[in-house]
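Working notes for the structure below.
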């Protein structure tokens with residue numbers, strides 16, 4: 001067994017076997033343990049490392065192939081695809097990317113995507129939200145205000161942004177919640193030592209809510225854009241210090 005597997009692999013049992021194998025292999029691929037463009041170890045070795053049957057391993061490979069991470073070829077083996085072919089918006093791939101460590105480029109790409117999409121989502125929510133959806137945004141905002149530690153703040157912050165996406169009433173926007181979650185968790189990872197001022201963005205969130213509550217689509221767009229711009233500035237300063 002490799003040093004990596006000694007540190008991170010346990011014997012998988014129970015109903016979650018399939019998901020655990022997918023997650024372990026996904027983390028290895030995204031984390032570079034299995035290099036892009038290279039072949040996976042042979043089935044026998046992988047089954048030994050993961051303590052699973054060939055059937056379970058092959059099912060996991062099918063899932064990872066569907067996510068764009070792997071491709072299997074007869075008489076050649078299973079190869080890790082290059083990163084440009086990965087489905088980077090897949091929630092699992094995003095989670096594995098965050099779990100294996102984030103860098104400045106990854107955070108920048110996440111923020112760019114948020115800045116493109118979220119202001120428009122806030123604008124649409126201002127026009128489309130129901131009373132119940134507005135209440136959900138307000139509840140998340142209240143949880144942000146009462147958060148006593150940064151982990152509570154991040155959880156409530158994710159709830160706030162997810163509630164806004166729901167309030168657009170456009171189901172195609174909901175998968176973006178995973179992107180926002182990854183961005184928030186990654187920002188937490190690089191800014192945790194600034195826990196003393198983690199509520200500094202509350203006022204901006206409140207202004208976004210007020211614009212959505214008032215049905216002011218233009219103001220909601222501008223408020224969200226400004227808030228994300230401030231987040232990008234904070235992220236840059238933390239990374240420079242780091």
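How high is the FRET efficiency between residue 59 and residue 152 when r is their beta carbon distance and R₀ equals 45 Å, given to the nearest 0.05? After rounding, the FRET efficiency stands at 0.75. Only helical DSSP H runs with n ≥ 4 go in: add -39500 (n - 2.57) per run for the chain, normalise by residue count and round the 222 nm mean residue ellipticity to 500 deg cm²/dmol. So the calculated ellipticity at 222 nm is -22000 deg cm²/dmol.
Please work out how much length the chain gains when fully extended from residue 214 to residue 73, using 0.36 nm per residue of separation minus the C-alpha to C-alpha distance, in nm with one decimal. Don't jump to the answer; show the numbers that get you there.
Working: separation 141, 0.36 × 141 = 50.76 nm, distance 5.68 nm.
Computed gain between residue 214 and residue 73 is 45.1 nm.
Residues 161, 109, 205, 222 in ascending order of nearby Cβ atoms (within 10 Å, fewest first): 109, 222, 205, 161. For residue 44 and residue 112, the difference between the fully extended length at 0.36 nm per residue and the C-alpha to C-alpha distance is 20.2 nm. Taking volume of the Cα convex hull per residue in Å³ as calculated from this structure, the corresponding entry among [x] 169; [y] 146; [z] 159 is [y].
For residue 145 and residue 18, what does the FRET efficiency come to when R0 = 35 Å and r is the distance between their Cβ atoms, rounded to the nearest 0.05?
Values: r = 41 Å, r/R0 = 1.16.
Between residue 145 and residue 18 the formula returns 0.30.
Per 0.36 nm of contour for each residue apart, how much would the distance between residue 135 and residue 87 grow if the chain were fully extended, relative to their Cα-Cα spacing?
Numbers: separation 48, 0.36 × 48 = 17.28 nm, distance 3.38 nm.
Result for the pair: 13.9 nm of gain on full extension.
Dividing the mean sequence gap of close Cα pairs (under 8 Å, 6+ apart) by how many residues the chain holds gives a relative contact order of 19 percent.
Every number in this text was worked out from the coordinates using simple rules, so none of it is lab data. The structure presented is a predicted model; accordingly, all values stated were derived computationally and were not measured. We place every Cβ from the backbone using ideal geometry, glycine too, and count neighbours over all the protein chains shown.
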